[in-house]
Amino acid sequence: MNREPTSAPRLDRILELARRAAVGPADRILTGYRSPALAVEKKPDHSPVTAFDREAEQHIRQILRSDPETQWPVLGEEFGGDTAGSPYRWVVDPIDGTMPFSRGLPYFGTLVAFEETAVGNNRALVGAINLPPFREVYYAARGMGAHCNGSPIHVAPRRDLADCVVSAPEIQKFRVAELEAGYERLGEAVRYFRGNGDCWMHAMAARGALDVVVEFSLNRWDIAATEVIVEEAGGRFYQRPSKTVQGKFDIVFGSPAAADEIVRLLEFAPG
């Protein structure tokens, strides 16, 4: 449903709805987690999908429709959505990390974001990340700070880059992204690399357990919630158009000083 706003959305109300929507399908998702009966299919792009992804998105959409004052269009990973012409939209990833979910690994979650689209570049105003295996909900709204289960969170403190923990993919992803030389420089500067992706690592950067995350070729639903949560937690969030897949994004985010230094080492030009 597209419409012109009669007034600016109330972010406190939007945030509460985003939290409810992110948590809503958690119990149902967990019934499939580590289930021997879990069936995994392949999408046309060869990424995995399950019935739980689809059911979770339908559940989230139902919750978002429940508040008559927040009836904005929805863009979701599983069912898409026409959001053209609307100044605001919801962005939903029902199970971010379907691969670890399908393998019995706990590094998955549900992402719900609310963003403005009228400024040319999409900008998340509200975001929620629910991590069902950990019973943790991370959330933020512009000007309201970032929290996990009611407690304020903050990105990692400033420290030497050599002592930072950095989440980054394998070197071939850097090659495809035309950042191989930067990867070599990064490897010389950082001792501690971790290879997990998806929203669990995003949440860990927002709470300061990780210093920086680098990822490539992500969709808007993979990053919108993270953007506002990390920035409200005091961090930096850099993105650029993917070098490999049109419409996707490469990102670097985390503690300000460390993220700035890694962007410099990689020669990662945001845009």
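A short reminder: the numbers here are calculations on the coordinates, not readings from a lab. Since we're looking at a predicted model, the values are computed, not measured. Cβ atoms come from the backbone with ideal geometry, glycine included; neighbour counts cover every protein chain shown.
What to note about this one:
- Extension gain, Asp82-Ser151: 0.36 nm per intervening residue step, less the Cα-Cα distance, totals 21.3 nm.
- Cα-centre dipole for region 161-266 with unit charges at Cβ (Lys and Arg positive, Asp and Glu negative), debye to 20: 160 debye
- DSSP assigns beta bridges within region 50-124; of those with both partners inside it, close to 75 percent run antiparallel.
- With θ taken as phi - 60° and the Karplus curve 6.51 cos²θ - 1.76 cosθ + 1.60 applied, the whole-hertz 3J(HN,Hα) list for region 65-70 is 6, 6, 9, x, 8, 10 Hz, x standing for glycine and proline.
- Entry note, the chain: relative contact order of 17 percent, from Cα contacts under 8 Å with a spacing of 6+ residues.
- Over region 149-271, relative contact order from alpha-carbon pairs under 8 Å, at least 6 apart, %: 32 percent
- Computed P(r) (all Cα pairs; region 11-152; 10 Å bins; percent): 12, 42, 33, 12, 1
- Kirkwood Rh in Å, taken over region 15-78 so that all alpha-carbon pairs contribute: 13.1 Å
- Amide N of region 200-224 lying under 16 Å from the label point, which is placed 7 angstrom from the Cα of Phe134 along Cα→Cβ: 200-214
- Protection proxy ranking, peptides 75-84, 185-194, 205-214, average beta carbon neighbours within 10 Å, highest first: 205-214, 75-84, 185-194
- Cα-centre dipole for the chain with unit charges at Cβ (Lys and Arg positive, Asp and Glu negative), debye to 20: 300 debye
- Full extension of the chain segment joining Asn196 with Val176 gains 5.3 nm, where the gain is 0.36 nm per residue of separation less the Cα-Cα distance.
- Length added when fully stretched, Asn121-Ala269, from 0.36 nm per residue minus Cα-Cα: 51.7 nm
- Size of region 161-266 as Cα extents on the principal axes (Å, biggest first): 34, 32, 21
- Ranked by how many other Cβ atoms sit within 10 Å of their own Cβ, fewest first, the residues Lys248, Lys173, Lys43 fall in the order Lys43, Lys248, Lys173.
- Per-residue [θ]222 nm for the chain (sum of -39500 (n - 2.57) over DSSP H runs n ≥ 4, rounded to 500): -9500 deg cm²/dmol
- Ranked by how many other beta carbons lie within 10 Å on average, peptides 148-157, 47-56 from highest: 47-56, 148-157
- Under Karplus coefficients 6.51, -1.76 and 1.60, residue-wise ³J(HN,Hα) of region 252-258 in Hz, glycine/proline x: 9, 8, x, 4, x, 5, 5
- Across the alpha-carbon atoms of the chain, the computed radius of gyration and Dmax are 17.9, 54 angstrom.
- Relative contact order (percent, whole number), region 70-151, Cα cutoff 8 Å, 6+ residue spacing: 19 percent
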